[in-house]
Amino acid sequence: MSEKLANEAIVDHAVASIKSLRVDGGEVFLRDGQSTTVEIRDGQLENAITRGERGIGIRVLRGGRVGFAYSSDLSPDGIELCVTSARDIASVTEPDPDVSIATQKVENVDLGLYEAGIDDRPVDARTDVALAVERAAKAVDPRISGFRKTTYSDGTMTTMIATTAGVRGAYRETYFSVGTSAVATAGEERQIGYFGDAKRQFAAIDPEAVGRRSAALAVGKLGARPFKTQTLPIVLDPYMGMSLLGAIVPLFSADSVIKGKSLFAGKVGTQVASAAVTIVDDARRPGALRSAPFDGEGVATSTRTLVDEGVLRGYLTSLKTAKKLDHTPTGNARRGSYASPSRIGAANFHLAAGSASPEALVNGLDRSLRITSLLNLHTIDPISGEFSLGATGDYLENGERTYPVQGITIAGNLTSLLASITGVANDLTFGAAGLGSPTFVISELSIGGV
Amino acid sequence: MSVTERDAARALRTALSRGGDWGELFWERHDVVTLTLDDNRIEDAITGVDQGAGIRVTAGDRGVYANGNVNDGDDLLAIAGRAAAAIADDGGTHEVAAIHADELPRPSVVQIDPRSVPIERKVELLKLANERARSTDARVHQVTVLYRESVQDVVVANSDGRFRKDTRTRLVFGVLVTAKQGDVLESGYKAKAGTEGFEMLTEEAVRETTDTATRLALQNVAADPAPAGTYTVVLASDAGGTLIHESVGHGLEADLNLKGMSVYSGRLGQKVASDLITVVDDGTDPGRRGTQAMDDEGTQTHRTVLIENGVLKTYLSDRKHARKLGIPESGNGRRESFRHLPICRMTTTRIEPGTSDPAAILASVKDGIFVKGMGGGQVDVVSGNFAFEITECYRIRDGKQAEPLRGATLVGQGPKLMSEIDMVGWDLGYSVGTCGKDGQGAPVSDAQPTLRIPSVVVGGKVTGA
């Protein structure tokens, strides 16, 4: 049996191991997580999955070069091998004078990310949550005929970071999530509605609401018709709004800006969106899904207004990109796992709420299309900003739903989309991906159809 | 570590010590090297190893799966103990059959193990691509080149006595070129990928991949937006097979069909496509990105005829769903890693070539859209509605390829579209991708001949808007 080290000891050993080499410094990232997922089928538990994940990612700096290695072998030998692999592979990179590690101590702030007691919850209690989702969905409409998949997951995770410059931080977090895809059937026609939600506390998830929304989405698509090719105002509810807002995040990446791959390069201080648009990235929002005291490089996170009434105020940076832009780092170097280095990303990125009710916004439009699902969001090109997506929707007249449509596309460019947001409602909602959006209206988009 | 037959037998006995009727061990060691050249410099150099195992125990229709990183036999037994505790059905101890190792033929031959190639050589190829793209045209604004080598060693053992190993060596070489003209930015991407050794990355292959990405970026930055509306579309074989993957493939996965969740559910033996359409999934196609000797349950991969001359023949299955549906195990139970249960997935999926001359197919269309490159796609298997991205297309005018267009998508409904295809070429072209399903990624490839679709919705800009 190999020696088993505790997390603290692993990080200590790795830092000591980096210091023992003739290098300029380094960074150790550790993640230790456990999660449980239950999957339901026909009112019964189908699968119970327990997952464990523990590993380190090491960054070593040497003469402006940087190497990254990761390992799940956390024995003393495994750690040392990981450190030397990072040093060795650094030699193929080109020196960059702006490469650095965190040197500023991080404060330990409690952001309400952790709830105790997760391990004491029996599998049956988890199964009950998923069953409650399906019961609520079925109660919505007799045409709900089944579910593609209903799952409940919870997990706990410890994140630790340490640099050879003396920075050291750790935090724990929990998450609880439910999701389902209800299927509605009418004769030969079948439609699906996916919905999921995630929270930091068990009591904050609402399985009935998830079931009801999924069922309403599926039932709402029954009888969907083809639609004529035309341009119309587009209405996005908070969940559809979030999915499009997620595609805008890369435009704010300082890395893309520096490399000339962002349409926002050189635009700070200029109008990049309509005056109705204020975009905030808030990594300190208490209890929010993407809040964290420090980022993947050990830099303190922050709350920032990125777009203020349409004017671009700044970018999301890492240590290196902040140095290149001569800015203070914003703490947006995010880690997906121990096995991947930091990448610039947003925290709780959201479009700030407006003042009108969603009904008031929509009622003012003679004819409009409210989007109910989007296909192919992953193909939006963050460089050109071009998008062309499959969609389903509800055709509205004076804000009233007339009939559902399917087999259509919506197309445009992210920058012209931002410029044509004409109304933002007061119903800001945060979703399972950590993004937030109120209902908003785009004055016009191209719709492809028959 | 590696797992021996003895380790496997011990872990399976522990897993089945408190009930359950079947047990399975999946172990893997995954070695990865990633190099990224961006902004004229090698910016990221990453190396790592992830090693772990998952143990599954079933009791009737109920299953438990415990997994985690493992470094030694004790870690493995701890996971087996977690699985046993979770299944605990008071069913008593289930016997584990005598473990018997056997070898499957490897469809992909690796001539040069990428781990044996000096890293400096890999860097040279990245630089070659960067310099070539940048010297093509002044409008080339940025170049990103990615090299990823992945060697996954897998052991699958189960309580029926199975013990099988596989090694999957996969390479990706991707080039992303950004072009700038005035204020317009556009990108072009091309990847070469396969289940092959370093021999696939010849300088010739690097040049070809780079030239395609560069040409697409330059073409897109000057192209007009694609129109929105309904058009006749010719899909060239060069475009590869995202169409078949999205419009048909996912709908034929057995897990969705057991639940009646696919437009193809309950339709075995029925006509689901035009007579011209034969669809095959082939996990044994040598060197393809989706190819492997066995799936992640240790079942040998197959060439499976899914649709023959328009008639639905079978579904893509894993062990569980093959039994439930009473169809053969097709070797399509795949998982992203030890952290996941296997699910029914495609490998290399293709529409078989037909009899028409590809040039005659193009010549037959007076006004339409000629698609020569497809990107990512997505399908809603319940309604059959799909969308996929067009990365390269042209207007067809009087049977000839005319001006290039950018920013197009095709949307449709799988069975309807497959019934309407009225010309199938005698050629065949492949594409590569990473398919996402239920939060798991899987390396796949797709292929198709040149096809004519009489009428389909093209997503672009409304003319005059």
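Among what's in region B:30-74 and is outside any strand (DSSP E or B) and open to solvent by less than 30 Å² (accessible area, probe 1.4 Å), pick the residue that is farthest from the other protein chains (Cβ to nearest Cβ). Of everything passing the filter in region B:30-74, B:V70 is farthest from the other protein chains (Cβ to nearest Cβ). For region A:85-124, the tally of residues that are of a type outside the set (A, V, I, L, M) and closer than 21 Å to A:G166 by Cβ stands at 8.
Matching residues to (1) closer than 29 Å to A:L414 by Cβ; (2) among the polar types (S, T, N, Q):
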residue: B:A360; (1), (2): no, no
residue: B:Q378; (1), (2): yes, yes
residue: B:S419; (1), (2): no, yes
residue: B:C435; (1), (2): yes, no
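Taken together, the criteria exclude B:A88 from residues that are at the interface with another protein chain (Cβ under 7 Å from one of its Cβ atoms) and small (G, A, S). Among the residues of region B:422-445, are any part of a loop (DSSP other than H, G, I, E, B), at the interface with chain A (Cβ under 9 Å from one of its Cβ atoms), more than 15 Å from the chain's Cα centre (by Cα) and not aliphatic (A, V, I, L, M)? Looking through region B:422-445, none of the residues is part of a loop (DSSP other than H, G, I, E, B), at the interface with chain A (Cβ under 9 Å from one of its Cβ atoms), more than 15 Å from the chain's Cα centre (by Cα) and not aliphatic (A, V, I, L, M). Of all the numbered requirements in (1) within 8 Å of chain B (Cβ to nearest Cβ); (2) in a strand (DSSP E or B), A:D73 misses one, and that requirement is (2).
Of the residues making up region A:398-410, one or more are open to solvent by 20 Å² or more (accessible area, probe 1.4 Å), touching a residue at least 60 places away in the same chain (Cβ under 8 Å) and more than 7 Å from chain B (Cβ to nearest Cβ). For the subset of region B:223-273 comprising residues that are part of a loop (DSSP other than H, G, I, E, B), aliphatic (A, V, I, L, M) and within 21 Å of B:G373 (Cβ to Cβ), which member is nearest to the other protein chains (Cβ to nearest Cβ)? Ranking the qualifying residues of region B:223-273, first place goes to B:A228.
Please go through region A:320-340 and give me each residue that is crowded, with 22+ Cβ neighbours inside 10 Å and either farther than 30 Å from A:P95 by Cβ or not β-branched (V, I, T) (or both), ordered by number.
Answer for region A:320-340, where residues must be crowded, with 22+ Cβ neighbours inside 10 Å and either farther than 30 Å from A:P95 by Cβ or not β-branched (V, I, T) (or both): A:K320, A:A322, A:P329, A:G331, A:N332, A:A333, A:Y338, A:A339.
The set of residues from region A:208-245 being surrounded by fewer than 19 Cβ atoms within 10 Å (Cβ to Cβ) and not in a helix (DSSP H, G or I) comprises A:L222, A:G223, A:R225, A:P226, A:K228, A:Q230, A:T231. Listed here are the strands (runs of 3 or more DSSP E) enclosed by region A:330-445 that have at least 2 residues being of a type in the set (A, V, I, L, M) and in contact with a strand residue (DSSP E or B) (Cβ under 6 Å, 6 or more places away or on another chain): A:367-375, A:386-397, A:400-413, A:421-424.
Among all positions in region B:160-167, there is no residue which is within 14 Å of another protein chain (Cβ to nearest Cβ), open to solvent by 10 Å² or more (accessible area, probe 1.4 Å) and under 30 Å from B:P342 (Cα atoms).
The residue that is least open to solvent (accessible area, probe 1.4 Å), counting only those in region B:171-210 that are part of a strand (DSSP E or B) and among the aromatic types (F, W, Y), is B:F173.
Inside region A:78-97, residues that are more than 10 Å from chain B (Cβ to nearest Cβ) and open to solvent by 50 Å² or more (accessible area, probe 1.4 Å) make up a count of 3.
Residue by residue through region B:446-465, note down the ones that are open to solvent by less than 20 Å² (accessible area, probe 1.4 Å) and more than 10 Å from chain A (Cβ to nearest Cβ). Scanning region B:446-465 gives B:D446, B:A447, B:Q448, B:P449, B:T450, B:L451, B:I453. The residue that is nearest to B:A239 (Cα to Cα), among those in region B:399-411 that are of a type in the set (D, E, K, R) and in contact with an Asp or Glu (Cβ under 8 Å, 6 or more places away or on another chain), is B:R406.
Quick one: is B:S337 closer than 30 Å to A:T36 by Cβ, in a loop (DSSP other than H, G, I, E, B) and under 17 Å from the mean Cα position of the chain (by Cα)?
The answer is yes for B:S337.
Is at least one residue of region A:434-443 under 13 Å from A:R370 (Cα atoms), of a type in the set (S, T, Y) and within 12 Å of chain B (Cβ to nearest Cβ)? Yes - at least one qualifying residue is present in region A:434-443.
The values are calculated or read from the model by the stated rules, or taken from the named source; none is laboratory data. All figures in this text were calculated on a predicted structure; none of them were measured in a lab. Neighbour counts run over all protein chains shown; Cβ positions are idealised from the backbone, glycine included. Just the protein is used for accessible areas: all its heavy atoms, side chains included, with ligands, DNA and RNA removed. Shrake-Rupley method; radii C 1.70, N 1.55, O 1.52, S 1.80 Å.
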